[in-house]
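Chemist: Supplied in structure tokens, the structure appears directly below.
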Amino acid sequence: MFSRLFGFTKQQKEESLDVVVSQYSQPHVLQQRMKEANLTHGQTVKADITTVRLEQNFGKMVLYFCPSQTVVVNERITDGDGGKIPSEVTLIGFEEKVPKTMKPGLYDLKNAKLFSNGTMQVIADKNTVFEFIEPAIPF
């Protein structure tokens, strides 16, 4: 009541979809793109992943790496140990990156942190964004 009286409005938080990977997300493609970018086990970088696919499934947005072309390293944060990049992938921090209004399609994932220790970790922070490329064509 007081907020309306004094001209303040409560900021509405936009609802978002969970972003997940599935057994069909093809993490081996991300692993290959990371190798092509000369990344190794234990290394942390800020990078762009061009291109990823987002598909809505059971109230969640599934991230697929199958269309990925490159990993472009923007910043090297820590060096790796030269070891092998893991074969599994996990997503961290994507809870508020995909609003419910976001359409399935192809996107460039910009400014994500990549870290590989135990799993390939794709980490979103306040600077991570999905840049729209084109709508999804059904499989």
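None of the figures in this text is laboratory data; all of them are computed from the coordinates on show. Everything numeric in this text was worked out from a predicted model, so none of it was measured. Here Cβ is always computed from backbone atoms with ideal geometry, including for glycine, and neighbour counts include all displayed protein chains.
Chemist: Nearest 500 deg cm²/dmol is fine: what mean residue ellipticity at 222 nm does the chain get from its DSSP H runs of n ≥ 4 alone, each adding -39,500 (n - 2.57), divided by its residue count?
Modeler: On the way: 2 runs with 14 residues, N = 139.
Rounded to the nearest 500, it is -2500 deg cm²/dmol.
Chemist: With point charges of +1 on the Cβ of Lys and Arg and -1 on the Cβ of Asp and Glu, referenced to the Cα centre of the chain, which listed residue (Ile85, Pro104, Thr40) lies farthest in the positive direction of the dipole?
Modeler: So the residue furthest toward the plus end is Pro104.
Chemist: Can I ask one more? Starting from the Kirkwood Rh over alpha-carbon pairs, what translational D in µm² s⁻¹ does the stretch 28-94 have by Stokes-Einstein at 25 °C and 0.890 mPa s?
Modeler: Numbers: Rh = 12.9 Å.
Stokes-Einstein gives a translational diffusion coefficient of 191 µm²/s.
Chemist: Still on this structure, please answer the following. Rounded to the nearest 0.05, what FRET efficiency is calculated for Asn38 and Phe132 with R0 set to 25 Å and r the Cβ-Cβ distance? Display every interim value, and only then the final one.
Modeler: Details: r = 29 Å, r/R0 = 1.15.
With a Förster radius of 25 Å, E is 0.30.
Chemist: Oh, and also: Report the chymotrypsin sites (Phe, Trp or Tyr not before Pro) located in the stretch 36-116 that are in a DSSP loop and have at most 12 other Cβ atoms inside 10 Å of their Cβ, or state none. Working shown, then result.
Modeler: Details: sites: Phe58, Tyr64, Phe65, Phe94, Tyr107, Phe115; in loops: Phe58, Phe65, Phe94.
Qualifying residues, ordered by number: Phe58.
Chemist: GNM on the chain, C-alpha springs below 10 Å: top fluctuator among Gly105, Gly80, Gly59?
Modeler: Gly59
Chemist: Sort 22-33, 37-48 for me by packing, meaning the mean count of neighbouring Cβ atoms within 10 Å per residue, highest on top.
Modeler: Values: 22-33: 16.7, 37-48: 18.4.
Per-residue Cβ counts within 10 Å, averaged per peptide and sorted highest first, yield 37-48, 22-33.
Chemist: Right, here's the next one. Treating the beta-carbon of each Lys and Arg as +1 and of each Asp and Glu as -1, no other charges, what is the dipole magnitude of the chain about its Cα centre, to the nearest 20 debye? Don't skip to the answer; put the middle values down first.
Modeler: Numbers: 16 positive and 16 negative charges, 61 e Å.
Value, rounded to 20: 300 debye.
Chemist: In 10 Å bins starting at 0, how do the alpha-carbon pair distances of the chain split up by percent?
Modeler: 12, 41, 27, 11, 6, 3, 0
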